[in-house]
Amino acid sequence: LGFGDAFVAKIGRTGELLYDALIGGNDFDSATGIRVDAAGNAFLAGWTYSNDLSYTDAYDGFPPQDHRTYGNPQARNAFVMELAASGSSIVYATVFSGSDSGPGRSTYANALALDAHGSVYVAGTTNCTDFPTTTGALQVSFGGAEDAFVSKFGPDGSMTYSTCLGGSSYDSAYAIAVDDAERAYVTGNTWLNGFPLEDNLNPEFTRGGAYLTVIERNGASILYSTLLSNASPEAYAGRAVAVDHEGSAYVGATGNPR
């Protein structure tokens, strides 16, 4: 469709191709996260440079949704979509970013999680000063430079909550998981400078790096938020997170030993 497209493919249990399709428009597009529910519906997140994103074998263009906004085609904008189990139709799809998207302004969806009720949690990074947040969210205002974000979408694709997560410097979210109580576990890296910490396990750490932040179900408060490394901020980043049924979190990170 364009210079580079995302695609989704379903492979059967014996290796047969059940469906595949391109997701893209007139520019670069990428899918960065996927989850599947018990009914076989696929949930995808990613980013797009295109201003005419479409699903070639199913739906020509995205239906309007709350918080749907396209920026300048030269910028990256996040997207989230649900595909029906057959792969032949889109249940919903939303592109979201700030209205100041343009050269130098981008929103990346880097990871996706799915809860038992069909709600989707998207984590990523934005430098859009008016990234769409919801009233009463944990951090309704852009912190500065670059923020992590978490946006939750209900089963109908509506935005349940959306929050920035960052201080006045550079912060990113690379992975997300959800527990049985619908808390979001987010990891990435932070340069501190006001990054929200609560019940920090390592208060002596002052240099930033990998973190784990747990956001309560309502998106308005933190269960805890802790640093996991104390190196130069770019040296350590949380890249993977999982949570068990007892609420214990497991974080995988990259970087050099402190």
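The values are calculated or read from the model by the stated rules, or taken from the named source; none is laboratory data. The model shown is predicted, which means the values in this text are computed figures rather than measured ones. Here the Cβ positions follow ideal geometry from the backbone for every residue, glycine too, while neighbour counts run over all protein chains shown. Quick note on the areas: whole protein, heavy atoms, side chains included, nothing else; ligands and nucleic acids left out. Shrake-Rupley method; radii C 1.70, N 1.55, O 1.52, S 1.80 Å.
Structure above, values below:
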item	result
Derived scalar couplings ³J(HN,Hα) [region 124-130; Karplus, 6.51 cos²θ - 1.76 cosθ + 1.60; whole Hz; x for Gly, Pro]	x, 9, 9, 10, 7, 5, 10
Calculated from backbone phi, Karplus (6.51, -1.76, 1.60) coupling profile of region 174-180 in Hz, x at Gly/Pro	10, 8, 8, 9, 10, 8, 5
Kirkwood-based Rg to Rh ratio, region 79-197, C-alpha trace	0.98
Heavy-atom accessible surface of region 103-258: percent carbon and sulfur, 1.4 Å	47
Region 158-238: equivalent-ellipsoid semi-axes (sqrt of 5 x gyration tensor eigenvalues, Cα, Å)	22, 13, 11
Order by protection proxy (mean Cβ within 10 Å, highest first), peptides 81-91, 6-16, 204-214, 115-125	115-125, 204-214, 81-91, 6-16
By accessible area with a 1.4 Å probe, ligands and nucleic acids excluded, highest first: order of 47, 191	191, 47
From phi via Karplus (6.51, -1.76, 1.60), per-residue ³J(HN,Hα) for region 143-151 in Hz, x at Gly/Pro	x, x, 6, 7, 10, 6, 8, 9, 10
Which of 105, 76 is most accessible, then next, and so on - probe 1.4 Å	105, 76
28, 153, 142, reordered so the largest accessible area comes first (probe 1.4 Å)	28, 142, 153
Rh by Kirkwood over Cα pairs, then Stokes-Einstein D for region 116-166 at 0.890 mPa s and 25 °C, µm²/s	222
